[in-house]
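A.B. asks: Dropping a structure here in structure tokens format, bear with me for questions.
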Amino acid sequence: MKDRRKRGSLFLVSRCALALLFVFVFSFTFSTLRLLFTETYHPYLISSRRTPPAEAISGDPPTGRGISIGETVKLPDQVLILLKYPPSAPLLTKDEIDCVYVYSSPNTSRRSPPLSIGGEYLDHQIVRCELPPRGTIPSVSLKAQGDGDLPPGPTHDWNSLAYEAMIDRDNTTVVFVKGLNLRSGRPSNASRFQCVYGSDLPGRKLLLRSEVLSIAQEIVRCRTPLSILEAPNRKTNSLKVSIQTNGRGILGSIARPVFWPEPKPEPERTGLNRHMVCVCTMLRNQARFLPEWVIYHARIGVEHWYIYDNNSEDNIEEIVELLTNQGFKITRHVWPWVKTQEAGFAHCALRSRDNCKWVAFIDVDEFLHVPSGADLGSVIKNETSRPMVAELRISCHNFGPSGLKKVPPEGVTVGYTCRLGLPERHKSIVRPDKLNPTLINVVHHFHLKDGFKHVNVFRNVMVINHYKFQVWEVFKEKFYRRVATYVSDWQEEENVGSKDRAPGLGTRAVEPDDWSSRFCEINDTGLRDWVIKTFSDPFTGSLPWQKQE
């Protein structure tokens, strides 16, 4: 009797299990078919916050801590390995990780310490490793007992990749890509391209397509379907987005779009109460210059800084935290993609749009100088009294080493006082809500929506002091890599006459004998005098960004 009851119970359990399985399969199939036949496209969404525990890692975790390799990207000079974390796991340190290069022969591998390890990037952590030797697959080993080597993840070639995406507030998807080789500064024919979405790109699983609305440089804008806009919690965890050229293959992709703005705009800074002036910049290993740059610009009216960190290996996180604790509003965004300044600035323009009326796109060695001593807000209001003005263009004065051979301890604004006579180029302060949907930008200038225009600001009203040619110790760091997409690196024999190069310097990081006296035609102490008068301590004469003894 007991055996019979047991068999009966098992039969009932089996029937229930089959019924549940049928409901699950039917629901999944119906949902999938609905997408395939009622929508033509469906991007993958992932929150910039950590995912819920149930969604963190599927299947059995490869280590006791549930860490796995999400994606691997081969850059020209290194490999980025994106470690995927469960939400409760602490980020690893450099000492806890080895880069592993697995050969095709069994049980053969090579190990080396990582070049560097970054902070949180979406729900991943970035590990930077040397380029893998020929015939090897890059991976990571966790040194903790019981962890060991992680299985390699999908590997992507940087020269052909969709790497970032976001859902804009006009219900379009903005995709950032490498490998289309489009011309700078002009839109391309959108009809030649399609946006494609799937869980395995370019493997064509659940492949869906959508119309490209605009495409320019390295930015593609597509339609976003209602099924995504109306998705619960505005996220899924199944699809990526990429680009296909008519008649050609699909770019590899690690791009999982997020809704933007996310997080939501600051409640006190929405509508008419947005910050008057913000700043966007992209930097690499320039943390030591941030205190002076931030403190100075706060004094003249900047309220929020968006810093795009392009693979820094210095103490930038500590410096940003220090400044934040002092009350400066700084948003650091990890941007690991090399030579993508224009794309990064477009990304920043979208991020800052709901919090900022005006955004300046300048570098960390550039300082907005108002000779009259007025604040930026007043200058901008005076220069934009006509409603159709959406961009201010400010001339740049390039300063040289000014006779110095060591980094000036008082900072660049006080230490460098000799510059070239004529200004070179302009940088911009723009209204981010009036930018052209293509988001085209070249040398810090954006294309505007139809009907809007720019004005050139007179130098006696506002000018940029660009400390471009500093002491050799600082300047030689520029030889490693330039961040602009369409600007040649210093080491390359290409466009050697470009204004983006130091005149007569060549392609090698060798200090000329007369470097300290170069680029000096006019002694200009205007900003130095104002900084000393405004910031120096009346008792010690020190400036707030100087390190105390």
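A.B. asks: Using mean Cβ contacts within 10 Å as the protection proxy, how do 214-222, 415-423 order, highest first?
C.D. replies: 214-222, 415-423
A.B. asks: State whether the stretch 273-354 is rounded, prolate or oblate according to the following rule on the C-alpha gyration tensor (a ≥ b ≥ c being the square roots of its eigenvalues): a/c under 1.5 gives rounded; otherwise a/b larger than b/c gives prolate, and the remaining case gives oblate.
C.D. replies: Numbers: a/c = 2.00, a/b = 1.10, b/c = 1.81.
Note, shape of the stretch 273-354 comes out oblate.
A.B. asks: Note down the Stokes-Einstein diffusion coefficient of the stretch 380-422 in µm²/s, whole number, using a Kirkwood radius over alpha carbon pairs, 37 °C, and 0.692 mPa s.
C.D. replies: Value of D from the Cα-based Kirkwood radius: 247 µm²/s.
A.B. asks: Quick one: grab the alpha carbon gyration tensor of the stretch 138-183, order the square roots of its eigenvalues as a ≥ b ≥ c, and give me rounded if a/c is under 1.5, else prolate or oblate depending on whether a/b is larger than b/c.
C.D. replies: Working: a/c = 5.58, a/b = 2.07, b/c = 2.69.
In terms of gyration-tensor shape, oblate.
A.B. asks: Let me see the pair-distance distribution of the stretch 109-233: every alpha carbon pair, 5 Å bin width, integer percents in order.
C.D. replies: Computed distribution, short to long bins: 2, 8, 13, 18, 16, 13, 12, 10, 6, 2, 0.
A.B. asks: Now a separate question. Take the alpha carbon gyration tensor of the stretch 264-422, find the square roots of its eigenvalues, order them as a ≥ b ≥ c, and report rounded if a/c is under 1.5; if not, report prolate when a/b exceeds b/c, else oblate. Let's see the in-between values first.
C.D. replies: On the way: a/c = 1.62, a/b = 1.17, b/c = 1.39.
Note, shape of the stretch 264-422 comes out oblate.
A.B. asks: Order 123-133, 518-528 from most to least packed using the mean count of other Cβ atoms within 10 Å.
C.D. replies: Descending mean neighbour count gives 123-133, 518-528.
A.B. asks: Throw me the Rg/Rh for the stretch 301-343, computed over C-alpha atoms with Kirkwood Rh, two decimals. Don't jump to the answer; show the numbers that get you there.
C.D. replies: Working: Rg = 11.5 Å, Rh = 11.4 Å.
Reported Rg/Rh, Kirkwood definition of Rh: 1.01.
A.B. asks: Here is a follow-up. Would you please put 296-302, 335-341 in order of how densely packed they are, using the mean number of other Cβ atoms within 10 angstrom per residue and starting with the highest? Before the final figure, lay out each step's value.
C.D. replies: On the way: 296-302: 20.3, 335-341: 22.3.
Output ranking for 296-302, 335-341: 335-341, 296-302.
A.B. asks: Given a 1.4 Å probe, how much area per residue of the stretch 339-493 is accessible, in Å²?
C.D. replies: Values: 5580 Å² over 155 residues.
Roughly 36 Å² per residue, with all protein chains present.
A.B. asks: Share of the stretch 311-442's accessible area from carbon and sulfur, percent, 1.4 Å? Numbers along the way, then the final one.
C.D. replies: Values: 2160 of 4560 Å².
Looking at the stretch 311-442 in its full context, I get 47 percent from C and S.
A.B. asks: All other residues with a Cβ under 14 Å from the Cβ of THR384 taken together, and with Lys, Arg as +1 and Asp, Glu as -1, what is their net charge?
C.D. replies: After counting each charged neighbour, the total is +4.
A.B. asks: Taking the Cα centre of the stretch 361-459 as origin, work out the dipole magnitude from +1 charges on Lys and Arg Cβ and -1 charges on Asp and Glu Cβ, in debye rounded to 20.
C.D. replies: Magnitude of the dipole: close to 200 debye.
The values are calculated or read from the model by the stated rules, or taken from the named source; none is laboratory data. Every value quoted in this text rests on a predicted model; they were computed, and no experiment measured them. As a convention, Cβ positions derive from the backbone with ideal geometry for all residues, glycine included, and neighbour counts pool all protein chains shown. Each accessible area value is taken on the protein alone, full model and side chains, heavy atoms only, with ligands, DNA and RNA left out. Shrake-Rupley method; radii C 1.70, N 1.55, O 1.52, S 1.80 Å.
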